[in-house]
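Quick notes on the structure that follows.
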Amino acid sequence: MRFNLSDEDFGYRGDIVLRGVSMSINDGERVALIGESGAGKSTLISVLQHRYAADTAFVPQDLGLVGNLSVFHNIYMGALQRHSMAHNVLNLVWPRPSEIARVRPIAEQLGLGDKLFSKVGELSGGQQQRTAICRAIHQGGPALLGDEPVSANDQHQSRVIMDAITTSFDTVVLAMHDVELALEYSTRIIGIKDQNIAIDVAADQVTRADLDFLYMK
């Protein structure tokens, strides 16, 4: 899976958020987009998701869950396209044992095994975020795009999530707020500041201190 952008401007509601973006992400790369809140990380993830939706799983910042459905059903929705409408409707009313068997290990991996048939709307923010990640893993594919996919979880759960993501997808592009976690799990760091890509470097070539300028006024 390869993502390409060439000298493009991107905006939101008529305002330019990013200018002159050129970027190529190759198969097998794990890329963290970092920078201050509002720098344009979410905009860049949204652009990539829109252009490459057919080949990517996606974890949006708003999660896109159905609160009155169970964890199982929300995870199952990641694979709706694999089945007929009749199968999907039947599974909504009467979950098939075969589908439960596919979903349960994913939920258990992220600590949701005992919540499989709890309504998502009754879960904590961290549990809801993990449900959205399970849905993306169940969807599968060569690449994952995620917008702050661990922001509602503690450090331990965040590492469990990042382990699951990086073992489930060959190519990963995540907007992240936790720089230490980004350095630990990424092969490449792209930093955004003042509407531009300010740094694009291998993760093992920089330290946290090298990236502090992204957060300075």
_Debye intensity ratio in log₁₀ form over the Cα atoms of the stretch 1-105, taken at each q of 0.11, 0.18, 0.22 Å⁻¹_ = -0.52, -0.97, -1.19
*With all protein chains present, how much of the accessible area of the chain (probe radius 1.4 Å) comes from carbon and sulfur, to the nearest whole percent?*
49 percent
*Using only Cα atoms, figure out Rg for the stretch 40-151 and give it as a multiple of 2.2 N^0.38 Å.*
1.05
_Below 20 Å, Cα to Cα, which lysines can Lys217 reach? Residues fewer than 8 away in the same chain don't count._
Lys41, Lys193
*Which ³J(HN,Hα) values in Hz, rounded to whole numbers, follow from the phi angles of the stretch 193-210 under the Karplus curve 6.51 cos²θ - 1.76 cosθ + 1.60, where θ = phi - 60° and Gly and Pro get x?*
7, 6, 6, 9, 6, 8, 8, 9, 8, 4, 4, 7, 9, 9, 10, 4, 5, 5
*asked:* Before I look further, what does the stretch 70-217 give for accessible area per residue, probe 1.4 Å, in whole square angstrom?
replied: 45 Å²
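If packing is taken as the average count of other Cβ atoms within 10 Å, what order do 23-30, 206-213 fall into, highest mean first?
Listed from highest to lowest mean packing, they are 23-30, 206-213.
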*asked:* Order 7-14, 77-84 from most to least packed using the mean count of other Cβ atoms within 10 Å.
replied: 77-84, 7-14
*If amide H atoms are built 1.01 Å from N in the plane of the peptide, which residues on other chains or at least 5 residues away come under 5 Å of the amide H of Phe58?*
Leu145
*Two-decimal Rg/Rh across the chain, once Rg and the Kirkwood Rh are taken from alpha-carbon atoms*: 0.99
_Contact order normalised by length for the chain, with contacts defined as Cα pairs under 8 Å and 6 or more residues apart; what percent is it?_
29 percent
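The values are calculated or read from the model by the stated rules, or taken from the named source; none is laboratory data. Here the structure is a predicted model, which is why all the values come from computation and not from measurement. For neighbour counting, all protein chains shown are included, and Cβ atoms are generated from backbone atoms with ideal geometry for every residue, glycine included. Please note that ligands, DNA and RNA were not included when accessible areas were found on the heavy atoms of the full protein model with its side chains. Shrake-Rupley method; radii C 1.70, N 1.55, O 1.52, S 1.80 Å.
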